[in-house]
Amino acid sequence: MKIAIVTDDVEQSNRLKEYVKRYFQNIGGEINVVCFTDGIDIVSDYSADYDIIILDMDSKHMSGLKTAEMIREKDKNVSLVLMSANIDDAVAGYTVSASGFVPVPVEREQFVASLDRCVKRIKAENSRYILFSTENGMDRVPIDSIVYIESQDHKKVVNTTDELYCLYGTMDSIECRLPSESFSRCNNSFIVNLAHVNGVHGEFVVVGNREIKITRSRRKSFLQAVETFFGKAGL
């Protein structure tokens, strides 16, 4: 995770950085912590690649609220944790969809609790996506949007409700990254999102508006997966 700490109090910045590092040492996972001394520094060349921003509302050149507003204009997803000695800033945090508020002076327990809530929310959110290496680089695809994945010679085509993604790799390697309770192979060339199955007609499964062949070798396991997913037998 990439985390930013924004405060002109150098001592506090170092202390918070240490809290963050200790927290992630306990739960595991790699982090990159970047420190800024003023809100204007982070927004001047902002790129939406932070997971969490810890923001001091008391800033010399740009108010914390203004900083948060400018960040939200460019980044709807980052978790904002606001720090302030003024409790009214906690209310102001609602206007920028802040994920947490920590009173100043900062107590370690309160800070870590707020950080933990952000991390758990991010992990829950990320579990809904899968990151694919595609011909265009890296694409973050919502798992629920995947209709099916088709093998076409040396490339694999991810058909979603919105667009197509072309990627490389084996079907086995792709399948093992998808939730097994929601995806199943109906033949060697197709991985189907069971949520998009509209019916099974003889040797074919209807996925979206397409009929896909169910091979004999995979028929039993595929139909069991469909029945389990929809919670009813005899399909």
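Couple of notes before you dig in:
- Dipole axis of the chain (+1 Lys, Arg; -1 Asp, Glu on Cβ), positive-most option in G100, A85, I130: I130
- Cleavage-rule hits (trypsin sites (Lys or Arg not before Pro)) in region 158-212: DSSP loop, at most 16 neighbouring Cβ within 10 angstrom: R177
- MRE, 222 nm, helices only [DSSP H, n ≥ 4, -39500 (n - 2.57), over the chain, to nearest 500]: -10000 deg cm²/dmol
- Between N32 and K66, the modelled labels are 2.9 nm apart [label points 7 Å from Cα along Cα→Cβ].
- Mean accessible surface per residue for region 169-208, computed with a 1.4 Å probe while every protein chain stays in place, in Å²: 44
- Note on surface exposure: M1, M171 rank M1, M171 by accessible area, highest first, 1.4 Å probe.
- Relative contact order %, the chain, counting alpha carbon pairs below 8 Å whose residues are six or more apart: 10
- Full-extension gain in nm, I87 to E125, via 0.36 nm per residue minus C-alpha separation: 10.8 nm
- Inter-label distance, L164 to D9: 5.6 nm, where each label sits 7 Å from its Cα along the C-beta direction.
- Exposure ranking of C118, C35, C176, C166 by accessible area [1.4 Å probe, largest first]: C176, C35, C166, C118
- Region 66-87 and region 34-48 have Cα centres spaced 12 Å apart.
- Ordered from largest to smallest accessible area (heavy atoms of protein chains, 1.4 Å probe), the residues S189, S97 come out as S97, S189.
- The chain: angle of helix 10-27 to the longest principal axis, Cα-based, in degrees nearest 10: 30
- Centroid-to-centroid, using Cα positions, region 4-31 and region 189-235 are 48 Å apart.
- Debye, to nearest 20: dipole size of region 1-122, +1 on Lys, Arg Cβ, -1 on Asp, Glu Cβ: 440
- Potential lengthening between A195 and F230 on full extension [0.36 nm per residue; Cα-Cα distance subtracted]: 11.8 nm
- For the chain, size of Cβ-based charge dipole, Lys and Arg +1, Asp and Glu -1, in debye: 1260
- Percent antiparallel among DSSP beta bridges (both partners in the chain, rounded to 5): 65
The values are calculated or read from the model by the stated rules, or taken from the named source; none is laboratory data. Given the structure is predicted, the values throughout are model-derived calculations rather than measurements. FYI the Cβ positions are ideal-geometry reconstructions off the backbone, even for glycines, and counts take in every protein chain you see. The accessibility values were calculated without ligands, DNA or RNA, using every heavy atom of the protein model including side chains. Shrake-Rupley method; radii C 1.70, N 1.55, O 1.52, S 1.80 Å.
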